[in-house]
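Have a look at the structure below, then the notes.
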Amino acid sequence: MRSHEKGNGGGTTVLTARGLSSAEFLGWTDKAFAADENALLDAHPEHYVMAPEADGSFHVVENIGPHVCSFFMGGWGTDAMAWAADAEELLPEPEFPHKMSSNLFLADGTVVGRALTQFGDTAEGFTASLTVHVPAACPQDVLEHHLRHYAVEFRNWILAAATSVRAR
């Protein structure tokens, strides 16, 4: 993990990976999000539910610090973009070619955050820029915990993807 940048209800965790391309990683995550809840749950001990819904959204139940959170993500995936008009200005690495965005919302449709992830290849592997936005009124510790949560789950997904790619 390289850094946490925070401000205006948002922050970014940056991870670097060696020996795996962003395309290999994203191919693995596309398959996991489509059909392998166990691989998603295994990435963090505070994951309880990570399941696709019939309407195309994705249900997540996880801890963010001391808070048990149940929310949905819509439009997640490398082929499904949920960009709002301001997405480009919220991206910390606009030159990264692989971009995904999703609103985070409650069962009643209330938007409670947004995830923007970007991936760019390097000579050794790739860099992941993982951004989350929460309401500005949200306590700062919620943002801090979510950024740390990102670091743990994405690190473990990167390791699982690397193991899968090497096994082929």
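Read the figures in this text as sums done on the coordinates, not as results from a lab. Computed from a predicted model, the values in this text were never measured in an experiment.
Just the Cα atoms of the range 123-168, one point each, no solvent: what log10 I(q)/I(0) does Debye give at q = 0.14, 0.21, 0.22, 0.26 Å⁻¹?
-0.48, -0.78, -0.82, -0.97
For residue 49, what residues show an amide H to amide H distance below 5 Å, using hydrogens built from the backbone and excluding near sequence neighbours?
Distant-sequence amide H within range of residue 49: 61.
On a full-extension model of 0.36 nm per residue, what is the gain between residue 166 and residue 48, subtracting their alpha-carbon distance, rounded to one decimal in nm?
So the chain would gain 39.7 nm between residue 166 and residue 48.
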